[in-house]
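Single-structure report; data block below.
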Amino acid sequence: MLPQPLSNLSIEQLKRLVISIVDERLIQHQVIQKTPEQQQLQEIFNSIDSHIWNPPSSAPSTLQLLQEERHQ
């Protein structure tokens with residue numbers, strides 16, 4: 001409980017209270033997930049790195065593709 005009635009809270013205190021209540025409710029309903037741990041983040045980054053596609057070196061650059069398109 002609060003040490004004082006709501007009517008005695010400053011605007012900043014009231015804002016913090018509302019934010020904390022909303023955050024708590026969102027977490028309870030799993031709308032907000034807790035921050036993943038460092039190991040989970042590293043796994044995500046490794047997955048992203050392993051799934052990046054690089055075009056072959058013989059492929060035209062995006063600039064060349066745009067220039068070709070403009071000339072047509």
ask   = In the stretch 1-40, what residues are aliphatic (A, V, I, L, M) and either in contact with a helix residue (DSSP H, G or I) (Cβ under 9 Å, 6 or more places away or on another chain) or modelled with pLDDT under 85 (or both)?
value = M1, L2, L6, L9, L14, L17, L26, I27, V31, I32
ask   = Among all residue pairs at least 6 apart or on different chains, which show Cβ distances below 8 Å where the first residue, located in the stretch 59-72, is surrounded by 10 or more Cβ atoms within 10 Å (Cβ to Cβ) and the second is assigned to a helix (DSSP H, G or I)?
value = P60/E68
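The values are calculated or read from the model by the stated rules, or taken from the named source; none is laboratory data. Because the structure is a prediction, the values reported are computed rather than measured. Neighbour counts are summed over all protein chains in view; Cβ atoms, including those assigned to glycine, are modelled from backbone coordinates with ideal geometry.
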